[in-house]
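Novice: Can you read through this structure? Questions will come right after.
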Amino acid sequence: MNSTLRARLARTTAVIASAVLLTTSCEIKDHGFFAPLPRESSQFYGSVGGMVRMNGTGASGYTISGGGLNTTTRTDGSYELLDVTPGLISFNLSGVPAGSICDKGSGFALNVLAGVKAIQNIECSSLGSATVSITVNGSPRAGLSVLLGGLSATTTANGTATFTNVPAGQYPLSVLTTGLPTGSSCTAGQSVTVSAGANATAAVTCTAPTTGTIAGVVTVNGIGAGGITVSTGAGGQTTTTGATGSYTLTGVAPGTPSVTFTDPNGANCGAPVGTVVNAGETTTLNQSCTRPTTGGLVGVISVNNTPTSGVTVSAGGTSVVTNASGVYQITGLSGTVTVTVTGQNLTCTPVTRTVVIVVGSNVTVDFACDRPTTGGIIGVVSVNNAPTSGVTVTAGGVSVTTNA
């Protein structure tokens, strides 16, 4: 067969094949958009087409490229790439304005088939922004975390949190109270609607406690005691302990107040105690007081109207000796005791005294005693071995005569 016949045969075969392919060519339809494939290329290539929309409107001037080909979207946003070599092809999307986002990102991949038109529509939207203002007790507060859907921002010194490049939509809004006093709360249930190319604004009001609390238990000799006055001083807060010794001081200004504990029954609760109070928080402050459980005796022992040292005084099983001033003191006594004074040649009236001890104080018990200040001489004067009367005896300037 010569070359001329072979060429005619080839053309005839190609025509027949084209006719067959023309009747079997197909395309992938997406969102109702499709276009006929070029008859002359459908035999060996596929094609890709679709719409690019920005904010729901066809967008022109965007570039679609892939498989060594590129095209630009038309005025109505449509595009088409012909003669695309079959296979898995990656396509790029460029020319999207800054501050916009597309559902396919910066590109997409399609499995292109010969004789088939793949449709890929792309939806883009302009990003918006949101500004949220936060006040706490009526004043802006910096450093608070604000959540807008899955986005997070922190308030600045003027109390605002700014969100940029936010896709259009409605987002729940919340403020974290971390960093605010315990018991703080912020307006709940708010949402923000962000529109493409626009800035949405919202305001959240928070309230926070401005004072703190001091609470604790006061004990006297280890037992919870009622009636103890607890105070933070002049202009501060004051309360009284309950029957079990517990107390609560509310409305205490934040800072480092000194707390005073006072027992009207005389227990020693020590000096004022410093503590730290934070707004919205409770500071625990317990205090131990001591109250005497015994009393004592104190007094002066006079002998012959003169305070005298060295005299022994006994009571409740304890004995002490008067000092140089004739003073004695016995401690650690309780109940009713008997007081006794003893000493050489002492005569005290009464000899003993019964005393009821007063807890926490000393009972004064003085004694006035007598002691002889002179002595004498006694004897028998015998003359010729016989006791004899009428004999004069002289001593210390005193003379006496023996009796019968």
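The values are calculated or read from the model by the stated rules, or taken from the named source; none is laboratory data. Remember, predicted model here, so these are calculated numbers, not experimental data. When we count neighbours, we look across all protein chains shown, and the Cβ atoms used for this are built from the backbone with ideal geometry, even at glycine. Protein only, heavy atoms only, side chains kept; ligands, DNA and RNA dropped before computing areas. Shrake-Rupley method; radii C 1.70, N 1.55, O 1.52, S 1.80 Å.
Novice: Tell me, what is the FRET efficiency for residue 323 and residue 229 to the nearest 0.05, using R0 = 56 angstrom and their Cβ-Cβ distance as r? Before the final figure, lay out the partial values.
Specialist: Details: r = 40 Å, r/R0 = 0.71.
Efficiency at R0 = 56 Å is approximately 0.90.
Novice: Could I ask something else about it? Assuming a viscosity of 0.890 mPa s and a temperature of 25 °C, what translational diffusion coefficient in µm² per second does Stokes-Einstein assign to the range 286-404, Rh being the Kirkwood radius over Cα pairs? The partial results should precede the final answer.
Specialist: Details: Rh = 17.8 Å.
Here the translational diffusion coefficient equals 138 µm²/s.
Novice: Rank these residues by their accessible area, most exposed first, probe 1.4 Å: 129, 389. Walk me through the numbers on the way to the answer.
Specialist: Numbers: 129 25, 389 65 Å².
My answer, sorted largest first, is 389, 129.
Novice: Describe numerically, in nm with one decimal, the distance between label points set 7 Å from Cα along Cα→Cβ at residue 347 and at residue 392.
Specialist: 3.3
Novice: Let me ask something else. Using alpha carbons only, how many degrees (0 to 90, rounded to 10) separate the axis of helix 3-24 from the longest principal axis of the chain?
Specialist: The angle comes out at about 50 degrees.
Novice: Which order do 146, 391 take by accessible area at a 1.4 Å probe, largest first? Can you show the working numbers first?
Specialist: Values: 146 0, 391 40 Å².
Putting 146, 391 in descending order of accessible area: 391, 146.
Novice: Quick one: accessible surface of residue 80, probe radius 1.4 Å, all protein chains present, in square angstrom to the nearest 10.
Specialist: In the full protein context, residue 80 sits at about 50 Å².
Novice: Roll a 1.4 Å probe over the protein chains and send me the accessible area per residue for the range 318-373 in Å². All intermediate terms of the calculation are to be shown ahead of the outcome.
Specialist: On the way: 3280 Å² over 56 residues.
Using a 1.4 Å probe on heavy atoms only, each residue of the range 318-373 averages 59 Å².
Novice: So I have (i) 201; (ii) 319; (iii) 151, and one of them is volume of the Cα convex hull per residue in Å³ calculated from this model. Which one is it?
Specialist: Step by step, volume of the Cα convex hull per residue in Å³ for this structure corresponds to label (ii).
Novice: Can I ask one more? Expressed as a whole percentage, what fraction of the accessible surface of the chain belongs to carbon and sulfur atoms when a 1.4 Å probe is rolled over the protein heavy atoms? Working shown, then result.
Specialist: Values: 11540 of 21870 Å².
The computed percentage sits at 53.
Novice: For residue 361 and residue 195 in one chain, what is 0.36 nm times their gap in residues minus the Cα-Cα distance, to one decimal in nm? Please report the intermediate quantities before stating the final value.
Specialist: Numbers: separation 166, 0.36 × 166 = 59.76 nm, distance 8.37 nm.
Between residue 361 and residue 195, full extension yields 51.4 nm more.
Novice: In addition: What residues have an amide H closer than 5 Å to that of residue 283, excluding those fewer than 5 places away on the same chain, when H is modeled at 1.01 Å from N in the peptide plane?
Specialist: 213, 214, 215
Novice: Something else: Can you give the convex hull volume of the alpha carbon atoms of the range 124-233 per residue, in Å³?
Specialist: Considering the Cα atoms of the range 124-233, their hull volume per residue is 134 Å³.
Novice: Quick one: Karplus J couplings for the range 266-280, per residue in order, coefficients 6.51, -1.76, 1.60, θ = phi - 60°, nearest Hz, x for Gly and Pro?
Specialist: These are the phi-based 3J(HN,Hα) values: x, 5, 8, 9, x, 6, x, 10, x, 8, 10, 10, 10, 4, x Hz.
Novice: For every helix of n ≥ 4 consecutive DSSP H residues, a contribution of -39,500 (n - 2.57) applies; sum these over the chain, divide by its total residues, and give [θ] at 222 nm rounded to the nearest 500 deg cm²/dmol.
Specialist: Details: 1 runs with 22 residues, N = 404.
Taking each H run of at least 4 residues, the total per residue is -2000 deg cm²/dmol.
Novice: Subtract the Cα-Cα distance of residue 205 and residue 404 from 0.36 nm times their separation in residues, and report this length gain in nm to one decimal.
Specialist: Values: separation 199, 0.36 × 199 = 71.64 nm, distance 12.42 nm.
In short, 59.2 nm is gained.
Novice: Cβ neighbours within 10 Å, averaged per peptide: list 353-359, 250-256, 381-387 in order, most packed at the top.
Specialist: On the way: 353-359: 15.1, 250-256: 13.6, 381-387: 9.3.
Going from most to least packed, we get 353-359, 250-256, 381-387.
Novice: Sequence-distant or interchain residues sharing an amide H contact under 5 Å with residue 228, placed H: which?
Specialist: Long-range HN contacts for residue 228: 241.
Novice: Okay, moving on. Tell me, what is the FRET efficiency for residue 170 and residue 253 to the nearest 0.05, using R0 = 51 angstrom and their Cβ-Cβ distance as r? Please report the intermediate quantities before stating the final value.
Specialist: On the way: r = 43 Å, r/R0 = 0.84.
Rounded to the nearest 0.05, the efficiency is 0.75.
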